[in-house]
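Comments concern the structure below.
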Amino acid sequence: LFQVVHAHKPHFMALHCQEFGGKNYEASMSHVDKFVKELLSSDAMKDYNRARVYLDENYKSQEHFTALGSFYFLHESLKNIYQFDFKAKKYKKVTGKEIYSDTLESTPMLEKEKFPQDYFPECKWSRKGFIRTRWCITDCAFDLVNIHLFHDASNLIAWESSPSVYSGIRHKALGYVLDRIIDQRFEKVSYFVFFFFNFRLDAKAVVETLCAKATMQTIRAADTNEVVKLIFRESDNDRKVMLQLEKKLFDYFNQDVFRDNNGTALLEFDRELSVFKDRLYELDISFPPSYPYSEDSSQGKQYMNTRCPAWCDRILMSHSAKELILKSENDEKIVIYDHIGPNVCMGDHKPVFLSFRIAAGAGKPIANVHKCCVVQ
């Protein structure tokens with residue numbers, strides 16, 4: 001992370017995190033405070049003299065807990081930046097460093113929601129939801145939305161239909177978020193939505209392509225006759241096993257297909273975003289699938305065989321947000337959409353980042369901005 005900050009030197013930096021405290025958050029949440037303190041006090045961040053940190057650490061409140069964390073850092077050279085107070089419906093000038101945790105529901109500087117339980121009933125204590133903040137820089141207003149959508153609970157179920165049932169669940173949740181951030185309660189502004197969408201490749205199409213010349217063997221449980229494993233073997237070559245598929249196993253014999261040329265050959269199966277093409281825009285993907293990487297610290301580039309590798313971590317934006325991004329007037333690459341730590345273990349996900357400059361006067365300026373941006 002610090003290497004990326006040093007390389008791109010952002011004046012405004014938004015860092016969105018999910019699953020704070022990890023899967024075993026009751027025991028591990030204590031490590032979060034150490035991480036936050038180190039981030040705020042590190043030498044790499046010394047020139048960022050203002051910060052806002054929002055951490056949902058209140059895991060005892062299952063009806064509200066999302067395990068989301070949103071960090072915002074402002075460089076000392078950046079003047080007059082404002083954040084929106086959703087309760088007062090006013091912009092307030094950002095000064096100093098502030099950390100908010102535990103119960104974020106009472107914090108007026110953000111909107112936070114957890115998706116209804118009936119969206120994904122098979123996961124009793126799902127932590128999926130979103131946090132939204134609104135900012136104003138150089139008279140341009142935009143929303144930043146930290147989002148965590150639902151996962152695939154079973155590879156076998158995901159393989160059954162195209163698109164999968166899980167894809168439909170994610171569409172419903174993402175549609176809910178987009179409707180919320182453009183409803184009539186507040187002025188509509190451009191927005192960026194990132195980052196853990198859990199988008200998966202079309203499992204049925206991927207398997208049929210990777211195993212086009214294979215024969216399939218179905219293994220069922222003796223007591224329930226339920227399908228528990230699918231084995232795909234080459235028709236010749238001593239019937240070599242190409243793929244084994246179970247609820248939480250996707251064991252393909254050649255991982256290079258997911259890494260070669262950043263996995264570009266599989267991008268055609270990345271179809272979930274197409275439903276939102278009229279509402280969301282994404283820059284071209286030029287990095288390999290961001291999930292599921294090995295959590296072995298010595299295997300930074302290795303995928304786990306639990307799921308089909310996919311671009312789960314993304315940065316999307318409204319079509320109006322494209323107008324905020326300064327286009328290059330020469331061959332210089334100003335806009336960069338890439339992943340972090342390609343050779344380093346970052347957990348089972350590789351974070352992605354978007355670096356750009358805001359075009360002067362781009363986007364829709366806030367009406368009477370100087371009247372609403374009152375220092376409180």
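Between His31, His349, His11, which gets the highest mean-square fluctuation from a Gaussian network model of the chain, Cα cutoff 10 Å?
Most flexible of the set in this elastic network: His31.
Given segment 76-154, what count of lysine pairs have C-alpha atoms under 22 Å apart, with each pair 8 or more places apart or on different chains?
Lysine pairs, 8 or more places apart or on different chains, close enough: 18.
Whole angstrom only: what separates the Cα centroid of segment 1-72 from the Cα centroid of segment 184-258?
32
Glu295 to Ala222: extension gain in nm, 0.36 nm per residue of separation minus the Cα-Cα distance? Can you show the working numbers first?
Details: separation 73, 0.36 × 73 = 26.28 nm, distance 3.37 nm.
Stretched fully, the Glu295-Ala222 segment lengthens by 22.9 nm.
Only Lys, Arg, Asp and Glu count, each charged at its Cβ (+1, +1, -1, -1), so figure out the dipole size of the chain about its Cα centre, rounded to 20 debye. Intermediate results must be reported in sequence, preceding the final value.
Numbers: 51 positive and 51 negative charges, 222 e Å.
Dipole size: approximately 1060 debye.
Which values of log₁₀ I(q)/I(0), to two decimal places, follow from the Debye formula for segment 59-120 at q = 0.25 Å⁻¹ with a uniform point scatterer at every Cα?
Log10 I(q)/I(0), no solvent term: -1.19.
How far is it, in nm, from the label point at Gln62 to the one at Cys123 when both lie 7 Å from their Cα along the line to the Cβ?
Each label point lies 7 Å from its Cα, and together they span 1.5 nm.
To two decimal places, what compactness ratio does segment 76-221 give when its Cα radius of gyration is scaled by 2.2 N^0.38 Å?
On the way: Rg = 20.4 Å, N = 146, 2.2 N^0.38 = 14.6 Å.
Ratio of Rg to 2.2 N^0.38 Å for segment 76-221: 1.40.
Roughly what % of DSSP beta bridges within the chain run antiparallel, to the nearest 5?
Close to 85 percent.
For the modelled label position 7 Å from the Cα of Val344 along Cα-to-Cβ, which residues of segment 16-36 have backbone nitrogen atoms closer than 20 Å?
Only 16-22, 31-36 pass the distance filter.
Just check segment 182-291 against the gyration tensor rule for me: Cα atoms, a ≥ b ≥ c as the square roots of the eigenvalues, rounded for a/c under 1.5, and otherwise prolate or oblate depending on whether a/b exceeds b/c.
prolate
If I stretch the segment between Asp183 and Leu40 completely, what's the gain in nm (0.36 nm per residue apart, minus their alpha carbon distance), one decimal?
Numbers: separation 143, 0.36 × 143 = 51.48 nm, distance 3.44 nm.
Gain on stretching Asp183 to Leu40: 48.0 nm.
Cross-chain or 8 or more residues apart, Cα under 19 Å: how many lysine pairs in segment 139-262 fit that? Count them up, please.
Count of close lysine pairs: 9.
Out of segment 83-170, which GluC sites (Glu not before Pro) are coil in DSSP terms and have no more than 13 other C-beta atoms within 10 Å? The partial results should precede the final answer.
Details: sites: Glu98, Glu105, Glu111, Glu113, Glu122, Glu160; in loops: Glu122.
Here the sparse-neighbourhood loop sites are Glu122.
So how do 338-345, 46-53, 152-159 stack up, highest first, on mean other-Cβ count within 10 Å?
Numbers: 338-345: 14.4, 46-53: 17.0, 152-159: 20.4.
Per-residue mean Cβ counts within 10 Å order the peptides as 152-159, 46-53, 338-345.
Which three extents, in angstrom, do the Cα atoms of segment 135-202 have along their principal axes, listed largest first?
Computed over segment 135-202, the largest-to-smallest principal extents equal 49, 21, 15 Å.
Each reported figure results from applying straightforward, stated rules to the coordinates on display, with no laboratory input. From a predicted model like this one, the values you see are computed outputs, not experimental measurements. Reconstructed Cβ throughout: ideal geometry from the backbone, glycine too, with neighbour counts over all protein chains shown.
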